[in-house]
Amino acid sequence: MRITAAVVHERSGTFQIEKVDLCDPRDDELLVEVVTSGMCATDLHGRDGYYNTPYPAVFGHEGAGIVRATGKAVTQFKPGDHVIMCYPWCGECPNCRSHRQTYCVHAFDLKMRGTRADGSILHAQNGKPIYSAFFQQSSFGNFTIANERYAVRVRNDVPLAHVCALACGGQTGAGAVLNVMKPKPGESFVVFGVGAVGLSALMAAKICGCDPIIAVDLHHHRLKLARELGATHAINHSGSASIVADIKEITGLGARYSLETSAVALVLREAIGALMPAGMCVLLGSAPAGTEVSFEIPFLQNGRTVRGVIQGDSVPQQFIPQLVDHIVAGRFPVGRLITYYDFAEINRAAAESAAGKTIKPVLRMPH
Ligand SMILES: [Zn+2]
Ligand SMILES: [Zn+2]
């Protein structure tokens, strides 16, 4: 079918809104009418060639929409279902088989190669291939194809715009807290970087009853929002002589949990340094290969944990419905993070996101 999509024709090129052809769904696939899509830094890194996705390409990996057709082997969905599309995994590697699918050993290819797992192409233009299947969804278009395995049905009384922000950033931040840290009420939590991921984590820490909840960032407007969403303390990194000393002053012994979203080595060092004995630091940001950080062995020996987490260790079919219930109950007001853009404004959304002006850009698709 003929659809409208945002095509990037060359490395660091602009998103061009164009007509492209989308193939029919296979037996295990859904045709999804994309209603809204979030935009995440990974889309812009893809546009800029970080992952060697071939061009021309269609990006987008936080899509939410309505199922319009299903392949004949699909059993879990029917036309009219509201769905969110999540990250892909192979289902067969040792990590997928042991319920660690966020660490699927084939995840990079499935997310970035621009094709289905078998190498086939989903989009074309004037008979020439367009590389899409970004995170096996390429949601920057008004329709797309999703494999049944990576889609999650959501209750239809929640705005799809709020749901789409859960697909990557929301479940990454909230999952790091709810699935990995699992803090108890009254335990201390500090988050470095309160963009969409950090604020999702902060809202989850509030759900868990963490106290204090400390937000660290460079942007005043983001710290202000962090306070409104539950931070008990906000520290502007640029105005502090020692972040670690500031956190110890608030917490006494240091933080039980620290979360690092910036992937800046110096900041990760602070997130580790702020921990009390037996505390846990979780790293969510992705840094270029070769980036190193150092800390003293006795510091780690004293029961502290430092680990990376992808996609919040989430099994989306279980975790996304929980987050949606939190949205409905008013405990996870993800709408506060969102700035809306018409699809035609996608390049403005990208620029304002990269500048830190917009926390979570959400694109509204034309129909
Ligand atoms: Zn796998
Ligand atoms: Zn993302």
For this session: Could you run the Karplus curve 6.51 cos²θ - 1.76 cosθ + 1.60 with θ = phi - 60° over the stretch 175-180 and give me ³J(HN,Hα) per residue in whole Hz, x for Gly and Pro?
Result: x, 4, 7, 6, 9, 10
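Assign unit charges at the C-beta atoms only (+1 for Lys and Arg, -1 for Asp and Glu), then state the dipole size of the stretch 259-367 relative to its Cα centre in Debye, rounded to the nearest 20. Provide the component values of the computation, followed by the final result.
Working: 9 positive and 9 negative charges, 45 e Å.
For this selection, approximately 220 debye.
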Seminar exercise, completed: In whole percent, the fraction of accessible protein surface over the chain that belongs to carbon or sulfur atoms, probe radius 1.4 Å, stands at 51 percent
Exercise. Taking 0.36 nm per intervening residue step and subtracting the Cα-Cα distance, what contour gain separates LEU218 from LYS182 on full extension?
Worked result: 10.3 nm
Problem set entry | In the stretch 244-320, GluC sites (Glu not before Pro) in a DSSP loop with at most 10 other beta-carbon atoms within 10 Å | GLU292, GLU296
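Suppose all protein chains stay in the model; what accessible area per residue would a 1.4 Å probe give for the chain, in Å²?
Numbers: 15150 Å² over 367 residues.
Heavy-atom SASA per residue in the chain reads 41 Å².
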Seminar exercise, completed: Taking a crude spin-label model, label points 7 Å out from Cα along the C-beta direction, the GLU292 to ARG11 distance in nm is 2.7 nm
Exercise. To two decimal places, what compactness ratio does the stretch 251-332 give when its Cα radius of gyration is scaled by 2.2 N^0.38 Å?
Worked result: 1.31
Exercise. About the Cα centre of the chain, what is the dipole size in debye to 20, counting +1 per Lys and Arg Cβ and -1 per Asp and Glu Cβ, all else neutral?
Worked result: 320 debye
Seminar exercise, completed: Phi-derived 3J(HN,Hα) across the stretch 8-17 with the Karplus relation (6.51, -1.76, 1.60, θ = phi - 60°), rounded Hz, x for Gly and Pro, is 9, 8, 7, 3, 6, x, 7, 6, 10, 7
Exercise. Using the Karplus equation 6.51 cos²θ - 1.76 cosθ + 1.60 (θ = phi - 60°), what ³J(HN,Hα) coupling, rounded to whole Hz, does each residue of the stretch 69-81 give in order, writing x for Gly and Pro?
Worked result: 7, 10, x, 6, 8, 6, 10, 9, 9, 9, x, x, 5
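With the alpha-carbon atoms as the only input, what is the per residue convex hull volume for the chain in Å³?
On the way: hull volume 47.9 nm³, N = 367.
Given the Cα convex hull of the chain, per-residue volume reads 130 Å³.
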Seminar exercise, completed: Taking max minus min of the Cα coordinates of the stretch 137-181 on each principal axis, largest first, gives extents in Å of 37, 23, 18
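Between THR339 and HIS45, what is the FRET efficiency for a Förster distance of 22 Å, r being their Cβ-Cβ separation, to the nearest 0.05?
0.65
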Problem set entry | Check: the stretch 69-138 dipole with +1 on Lys, Arg Cβ and -1 on Asp, Glu Cβ, in debye | 20 debye
Problem set entry | Above-threshold pairs, the threshold being 18 Å between Cα atoms, out of LYS224/LYS248; LYS206/LYS360; LYS224/LYS360; LYS184/LYS206 | LYS224/LYS248; LYS206/LYS360
Seminar exercise, completed: Hits in the stretch 123-151: amide N under 12 Å from the 7 Å Cα→Cβ extension of ALA73, namely 148-149
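In the neighborhood of PHE332, defined by Cβ-to-Cβ distances under 11 Å, what is the net charge if each Lys or Arg adds +1 and each Asp or Glu adds -1?
Working: positive: LYS206, ARG331, ARG336; negative: ASP325.
Local net charge: +2.
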Exercise. Which loop trypsin sites (Lys or Arg not before Pro) in the stretch 150-212, with loop taken from DSSP, have no more than 12 other Cβ atoms within 10 angstrom of their Cβ?
Worked result: ARG155
For this session: Mind giving me the FRET efficiency for GLN317 and ASP118? R0 is 25 Å, r the Cβ-Cβ distance, nearest 0.05 is fine.
Result: 0.60
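The values are calculated or read from the model by the stated rules, or taken from the named source; none is laboratory data. No experiment lies behind these values; they were computed from the predicted model shown. Glycine also receives a Cβ, built like all others from the backbone with ideal geometry; neighbour counts cover every protein chain displayed. Quick note on the areas: whole protein, heavy atoms, side chains included, nothing else; ligands and nucleic acids left out. Shrake-Rupley method; radii C 1.70, N 1.55, O 1.52, S 1.80 Å.
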